[in-house]
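Participant: Sharing a structure here in structure tokens format.
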Amino acid sequence: MIHENCGVVGIFSMDGINVIPFVIDCLRALQHRGQEAWGVAVPHRIPLKRIGLVSSSASEFASITRKFESHAAIGHVRYSTTGKSTLNNAQPIKVKELCIAHNGTIANVDQLTSMVGGCSFTPQSMTDTLVAAQHLAGHLAKKKDITEALTILKQEMIGSFCFTFLTGDGSVYAARDPKGFRPLVVGLHKPSNTYIVSSESCALSAVGAYLLRDVEPGEILQIDDSGLRSEYFARENPHAHCAFEYTYFAHPTSVMEGVNVYAARKRIGEFLAKEFRIPDADLVIPVPDSARPAALGYALEAGLPFEEGLMKNRYSKKGSMRSFIEPYHETRVEINKGIIPLADVIRGKNIVVVDDSIVRGTSSASIIKLLREYGANKISMIVTYPPIRYPCYAGIDFPSQDELLAYQQMKDDSVGTADIAHKVARSLGADFVAYNDTSTLARAIGIPETELCFTCTTGDYSALGVKPLFKSRAVLKGRS
């Protein structure tokens, strides 16, 4: 069974212009949310799908723009939380006349699968998006109203979702789950009178559109020749916005729930400098790239120099890619090889290394080893996210508890963060490790802790509605 955490786009031009160039540019701006595949869907055509980065297909952009010309379209970049990276698993998908793109994870998809009739699936060919689309198409055939159909589907599903839909008549819809796990925004490109729904506002900025607002949890938008309309298919409180989006996943230029991601990350660093001051530190360096704002905030608050002690080789084949969202260990290791230390900056220095998170520990161990080899004297690691000890079933790729370093080092639920950090430091070869905590992180983000999801830290799955059965990565990836 394959689950998705990705980037989605839905675009409709009231002036009837060809929106395919907008879709392509928006998907490129959302590339940090998925590197495995991308696709575009327009009315009355089979969706276009390609493996790899959007930019890898640059030579096709002109022909794609002509061939798929349309004033209405949806798009998708894929990052699989389980499953294999194949063209068959790319999105958008089409069921009857309904095209759908999905960002999130449906936790009870096995149960939903048993309810889908007339379809033949295998674990490698089935995605939770496909199962949801089959259900939605069935409900839509009976109810003839997508809001009613989605209301029924929500009652059947457990998990996180942001959907963009494209119907046969060319209407674009967008829906966000009532807990608001994953982000979704709507904007307007004024010169062409074009509405754009996107996972993040950075995609709007990429095409010169401005942010109107977040799509509210439980809200469905319809965009057609009559304009933009809104309804609610469900309402739930409190919400459960993913805290990991603010420290790692989202683009730093994005605004989510009224919070600028860059400013939030910088505040996180400032707060951590107040709590974890390293008295003999010489300088602060970030782990590239998402930890940069937090490292800057830490350095400014601590009164320490901020230096780029680690650089990504952006001219290598995978130099621009993010290691965390790669599905396999071998690829993550290859990406990490593209990080090059600056010996003149770090040699003989006591260094504070700021990182956004420690998940499996692969990147952290590699970086600390490199810093040692290039002459660092003392290495203290400050981590902006709390210890990740439990699997995520709301769309982030740490589905197996056994692979989580914090859990490996301290399996006792009653131990404190400081004890976990001490054992993690020994495991990584660092002199000192300090983790953020949920209350400090929430204050730095600027959203009440009760409105954020910290399941991966606390093990409290109440926001999801059910505690899933933990599985190994081998099972989740369909490997024998």
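The values are calculated or read from the model by the stated rules, or taken from the named source; none is laboratory data. Nothing here was measured: the structure is a model prediction, and the numbers come from that model. Cβ sites come from the backbone with ideal geometry, for glycine too, and all protein chains shown count toward neighbours.
Participant: Got at least one residue in region 60-77 being assigned by TED's automatic domain parsing to the domain that holds P21 and modelled with pLDDT under 95?
Facilitator: No - not one qualifying residue is present in region 60-77.
Yes/no per residue for (1) within 20 Å of Y173 (Cβ to Cβ); (2) basic (K, R); (3) in contact with a His (Cβ under 7 Å, 6 or more places away or on another chain):
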position	(1), (2), (3)
S13	yes, no, yes
G16	yes, no, yes
A41	yes, no, no
R45	yes, yes, no
E60	no, no, no
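Participant: Quick check on my filter: what residues within region 215-272 are among the acidic types (D, E), touching an Asp or Glu at 6+ places or on another chain (Cβ under 8 Å) and outside any loop (DSSP other than H, G, I, E, B)?
Facilitator: Selection gives E219, D224, E231, E270.
Participant: All but one of (1) under 21 Å from S70 (Cα atoms); (2) crowded, with 18+ Cβ neighbours inside 10 Å; (3) of a type in the set (D, E) hold for D225; state the number of the condition that does not hold.
Facilitator: (2)
Participant: What number of residues within region 127-169 satisfy the criterion of being assigned to a helix (DSSP H, G or I) and not small (G, A, S)?
Facilitator: The number of residues fulfilling the criteria is 21.
Participant: Does Y385 satisfy the condition of being buried (at least 18 other Cβ atoms within 10 Å of the Cβ) and farther than 23 Å from V261 by Cβ?
Facilitator: no
Participant: Being out of contact with any Cys (no Cβ under 6 Å at 6 or more places or on another chain), under 23 Å from I339 (Cβ atoms) and among the β-branched types (V, I, T) narrows it down to one residue among I388, I382; which is it?
Facilitator: I382
Okay, residues lined up against (1) farther than 20 Å from I340 by Cα; (2) out of contact with any Leu (no Cβ under 7 Å at 6 or more places or on another chain); (3) crowded, with 20+ Cβ neighbours inside 10 Å:
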site: S363; (1), (2), (3): no, yes, yes
site: R372; (1), (2), (3): no, yes, no
site: A376; (1), (2), (3): no, yes, yes
site: F398; (1), (2), (3): yes, no, yes
site: E403; (1), (2), (3): yes, yes, no
site: D419; (1), (2), (3): yes, yes, no
site: S427; (1), (2), (3): yes, no, no
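Participant: Which one is nearest to G208 (Cα to Cα) among residues in region 13-46 that are in contact with a Lys or Arg (Cβ under 6 Å, 6 or more places away or on another chain) and part of a loop (DSSP other than H, G, I, E, B)?
Facilitator: Among them, the one singled out is G34.
Participant: I need a count of the residues in region 410-438 that are at pLDDT below 95 and within 26 Å of the chain's Cα centre (by Cα).
Facilitator: 1
Participant: Go through region 273-294 and count every residue that is part of a helix (DSSP H, G or I) and in contact with a strand residue (DSSP E or B) (Cβ under 6 Å, 6 or more places away or on another chain).
Facilitator: So the count comes out to 2.
Participant: Check R267, R229, R235 and return the single one that is at pLDDT below 95 and more than 20 Å from the chain's Cα centre (by Cα).
Facilitator: Unique residue meeting the criteria: R235.
Participant: Quick one: how many residues across region 170-195 are part of a strand (DSSP E or B) and either under 16 Å from H71 (Cβ atoms) or of a type in the set (A, V, I, L, M) (or both)?
Facilitator: 10
Participant: If you don't mind, another one. Suppose we filter I335, I325 for residues that are part of a helix (DSSP H, G or I) and modelled with pLDDT under 90; which single one remains?
Facilitator: Matching residue, one of I335, I325: I335.
Participant: How about region 11-58: which of its residues are at positive phi and free of Cβ contacts under 8 Å to residues at least 60 places away in the same chain?
Facilitator: G16, G52
Participant: Kindly provide the set of residues from region 423-443 that are more than 25 Å from C453 (Cβ to Cβ) and not in a strand (DSSP E or B), ordered by number.
Facilitator: Hits for region 423-443 are K423, A425, R426, S427, L428, G429, A430, D431.
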